[in-house]
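Report on the structure given below.
FYI, it's all coordinate maths here, none of it is from the lab. Worth saying up front: this structure is predicted, and the values here are computed from it rather than measured. So basically every Cβ, Gly included, is an ideal-geometry build from the backbone, and we count neighbours across all protein chains shown.
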Amino acid sequence: MSLANRHDRDFRIAFAAMLGSLAMLGPFAVDTYLPAFGGMQAALHATPIEMQQTLSAYLLSFGFMFLFHGAISDSFGRKPVIVVSLVVFVFSSVGAALAESVHALILWRVLQGTSTGAGIVVGRAMIRDLYNEEDAQRLMSMVTLFFGLAPVVAPIIGGLLFEAFGWQSIFWFLAVVGAILVVAGAKLLRETLPEEHRHPFHPKALMAGYREVGASRPFLLLSLAMGCNFNAFFLYILSAPMFLGTHLGLGPKEYSWLFIPSIAGILVGSQLSGRAAGKLSRPQVLRRAYTFMGVSAAANLAYALALPSSLPWAVMPIFFYAIGSAMAMPTISLSTLDLFPTRRGMAASLQGFVSGMVNTITAGVIAPAVFHSPKAMAVAMMAMMLTGFACWRLYYRGTRRRAA
């Protein structure tokens, strides 16, 4: 691939669209079936806990496999990892659509989770393989737009499919999307990691890489910051059936009350991040991002404590928080990858693993503990945002001390 081609605007847009579509697959596999929880529980004769396990089991395998996607791509190349993972996703989605019990569904969800993280992890490494810091931030902002849109678009699609065709149609839809991406990935993606830059696939070499990356304090702080920033917002998406259905009294077709403001916030935040590339330093971008997130979380908490939940006020702070979260994600991702320029795949893997474990804790522990009350949800949002901010400040102070 020539230097001219990779910097061509049309190529950047097409490349971002492809990587963004791959990044959307993981959130889509989580959020598309959320509106169908009640119907699936009745159809499969499952308990609420068993239905929650279909989500927790997926997220656990999703987060665990983050450890390996990038490391494998550092050894065998980026493209093969993506294509093979997509094939596994299609197979597991078909299995989930045909499941006749909740226990079978849980097993297929575990297999789904092992495959969907490859697009997120390997895509980030591919961007940094090709582009310098400024262009990479612009492209990462486009990918963040797709990734951020997935949790808010998916439940709308899932609700419509469930109402029209039943819960199985949701997994058939995922299988079709996966099949389209298999074909598109095989034809359109090009390998971005030359063979001379690959690492040997050997247990000792892998363990040395894991130690190097995983023991890095700056790496852990950045990864936790990104996970907490996103999950303060993701909490409301995971809790949508309770937040919208119980607290706001809305039906599955009215989920757009939450998701349209979220989409708008992600659009604005991604645009602001892309425009800041080359004009603002990374700390300046993150200060602005945390200002959006901090003020929004504080406003959300004040509203939840003072007034009963009602539209549109209950969802307005989420719009502004989404702006800050979408601004911060590309910058933190690139900062993490740049800590290990010769092991970008592994760095992306472990970053995704840390964020995935935060997702799992949020879905399996935090959301069920707080979604009974808008006040508790607002407190959890504030706590996660403050944790993310604290991690970033500790990282930033450490970089300044090292520079001095």
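Working note: 222 nm ellipticity from helices only, DSSP H runs with n ≥ 4, each -39,500 (n - 2.57), summed and divided by the residues of the chain, gives -27500 deg cm²/dmol to the nearest 500. Given axes a ≥ b ≥ c from the Cα gyration tensor, I'd like to know whether the range 354-393 is rounded (a/c under 1.5), prolate (a/b larger than b/c) or oblate. Oblate is the answer for the range 354-393, as a/c is 1.5 or above yet b/c matches or exceeds a/b.
A simple packing score, the average count of other Cβ atoms within 10 Å per residue, orders the peptides 389-399, 340-350 as 340-350, 389-399, with the highest score first. Relative contact order of the range 3-403, taken over Cα pairs closer than 8 Å and 6 or more residues apart, is 27 percent.
Oblate is the label for the range 3-403. Its Cα gyration tensor axes, ordered a ≥ b ≥ c, give a/c of at least 1.5 and b/c at or above a/b. Could you pull out every whole DSSP H run in the chain that spans at least 15 Å of Cα extent along its own axis and averages 1.6 or higher on the Kyte-Doolittle scale? Both cut-offs are met by 78-97, 168-188. Using Cβ point charges alone (K and R +1, D and E -1), the dipole size of the chain about the Cα centre works out to roughly 1320 debye. Placing pseudo-labels 7 Å out from each Cα toward the beta carbon at Leu160 and Lys375 gives an inter-label distance of 3.9 nm.
The Arg402 and Phe76 beta-carbon pair, evaluated with R₀ = 45 Å, returns a calculated FRET efficiency of approximately 0.85. Farthest towards the positive end of the charge dipole of the chain, among the residues Ser373, Thr360, Tyr210, is the Cα of Tyr210, using unit charges on the Cβ of Lys, Arg, Asp and Glu. Under the classification rounded if a/c is under 1.5, otherwise prolate if a/b is larger than b/c and oblate if not, where does the range 59-199 fall, given a ≥ b ≥ c as square roots of the Cα gyration tensor eigenvalues? Prolate, because a/c is 1.5 or more and a/b exceeds b/c.
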